[in-house]
Every structure is written in structure tokens, then in C-alpha cells.
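A.B. asks: One structure, as C-alpha cells, below. Some questions next.
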Amino acid sequence: MKTSIISIDANTPQEKKIRDAANILRRGGIVAIPTETVFGLACDLANIEAIKRLYAIKKRPKDKPFAIQVASIDKVLSFADRLNPGLDKVLNRFWPGPLTVIIDSKEGKKGFRIPDNRVALALLSEIGRPLAVTSANVSGESALISVKDVTRCFSGLIDAIIDDGNRIFGIESTILDCTVIPFKILRKGAIADKLKQYIKI
């Protein structure tokens, strides 16, 4: 397999290139996407074969689910089975941003994120369905933050890499378990200190 590089303007993502990347995902492909934290490996959440392939490429244990990325808070809430008090305040304050929240969905506990990256958001809006997204790295290794490193690690294994030319922050998202009261930080990540001050946990 040849891995293509799709160069997209970070500030004004070109519609055709976003559409091309979305079509790869619709066909069951895996695309490395930039976010404000680290590069992610994304596939269509509803495509079972793509999910299996993503687990194999990551060498990730099958009992560790992928985070789900969507384009809006409303889409996240449509998955919810139960929402604890204060969740809406957290989401409206920190999304889009480097925060993954775990909620009780109709299919059990699931982690959700809305990235603060125009290209990623444009892609999520274009495809119009949830994506399974995991950090671009082999499980147990450091997450990748450059197109060069993603290419070195995954060339020939994934379908495309999106290059938006932006400098990536390099710290993974904070993970917040919102299925318990009080909410619990499971991974410190990029904004744990701000989060603690905001929700007083």
C-alpha cells in the first residue's frame, strides 16, 4: 500500500482535499490527522474491518477502546445514556480542546473528544459520522507529532497522512471520567491543572 500525503491549509482547509480525505475514511481507510495535541490515526467508527485494522496497526490490546471524535457537542450528547450534573459546563468550557471525556453511553462507557484543529473539525463535519481516533504511535511508545515521524512509522500501513503545516503541541489530551461524582482525571494530559481549578476536583 502506498500512503499518500494530503497537504491542507491549516487556516482555510480546501473543501476538495477535505472531501478526498473523508472519502478514504468512508471506504474503510485509515488516515493520520493533525490535532492540537498529537497526530491521531482515524477510521470510521462503524466500519468493523477498519477498526480491526487499526487495532492491528497500533498493536493495541482489544480490550482498550478507541476514543470517538465528532464535530459537535450535540453529537456527543446523542450517544449519552445518562449525564451527570456539571457535564454540560465542562464541555462548553473546554471543547473544542485537548479534553477527552468518558460518559455513560447506550453501549457502555465511551470516551469522546472534539479537537481544536480546523482541519480535523472540517473533516469531521464533512464525513458526518463519528470517527474512532487514537494517538499515532505503536502502543506503549510516544505519540507522534510530525508528518515525518508518522510517515516513518506508518508509511505503507495506513492510507493517508494529512499535513496541515501546523506545529503540534505534543501533549496528549486530558482524560476526564464523567461517569462518577466527583469527576475523576484519569490522565493528566494537556489541561489537567486548568480543569482542576474549573471544576474543583
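A.B. asks: What pairs come out if I take residues in region 66-83 that are in contact (Cβ under 8 Å) with a residue 12 or more places away in the chain and pair them with residues that are hydroxyl-bearing (S, T, Y) whose C-beta lies under 7 Å away, six or more apart or interchain?
C.D. replies: F66/T134; A67/T100; A67/T134; A71/S125; F79/S105; A80/S105; D81/S105
A.B. asks: Got at least one residue in region 178-193 being over 22 Å from V138 (Cβ atoms) and hydroxyl-bearing (S, T, Y)?
C.D. replies: yes
A.B. asks: Confirm whether L77 is under 16 Å from the mean Cα position of the chain (by Cα), assigned to a helix (DSSP H, G or I), closer than 25 Å to K196 by Cβ and not assigned by TED's automatic domain parsing to the domain that holds A10.
C.D. replies: On the way: under 16 Å from the mean Cα position of the chain (by Cα): no; assigned to a helix (DSSP H, G or I): yes; closer than 25 Å to K196 by Cβ: yes; not assigned by TED's automatic domain parsing to the domain that holds A10: yes.
Judged against the criteria, L77 is not a match.
A.B. asks: Given (1) surrounded by fewer than 22 Cβ atoms within 10 Å (Cβ to Cβ); (2) out of contact with any helix residue (DSSP H, G or I) (no Cβ under 8 Å at 6 or more places or on another chain); (3) part of a strand (DSSP E or B), identify the lone condition not met by T100.
C.D. replies: (1)
A.B. asks: Between a first residue in region 146-167 that is not assigned by TED's automatic domain parsing to the domain that holds E15 and a second residue that is surrounded by 21 or more Cβ atoms within 10 Å (Cβ to Cβ) and modelled with pLDDT of 95 or more, which pairs have beta carbons less than 8 Å apart while being 6 or more apart in sequence or on different chains?
C.D. replies: none
A.B. asks: Okay, next question. In the set A67, A56, A120, which member is surrounded by fewer than 18 Cβ atoms within 10 Å (Cβ to Cβ) and under 24 Å from I6 (Cβ atoms)?
C.D. replies: Numbers: A67 fails: surrounded by fewer than 18 Cβ atoms within 10 Å (Cβ to Cβ); A120 fails: surrounded by fewer than 18 Cβ atoms within 10 Å (Cβ to Cβ).
Residue meeting the stated conditions: A56.
A.B. asks: Further question on the same structure: Just one of the numbered conditions (1) among the β-branched types (V, I, T); (2) in the same structural domain as S139 (by TED's automatic domain parsing); (3) farther than 19 Å from I162 by Cα is not true of V38; which one?
C.D. replies: In the conditions (1) among the β-branched types (V, I, T); (2) in the same structural domain as S139 (by TED's automatic domain parsing); (3) farther than 19 Å from I162 by Cα, V38 misses (3) alone.
A.B. asks: Let me ask another. So which residues in region 20-49 are in contact with a helix residue (DSSP H, G or I) (Cβ under 8 Å, 6 or more places away or on another chain) and part of a helix (DSSP H, G or I), if there are any at all?
C.D. replies: Hits for region 20-49 are A21, A22, L25, R26.
The values are calculated or read from the model by the stated rules, or taken from the named source; none is laboratory data. Only a predicted model underlies this, so the values are computations on that prediction, with no experimental measurement involved. Virtual Cβ from ideal backbone geometry, glycine too; neighbours counted across all protein chains shown.
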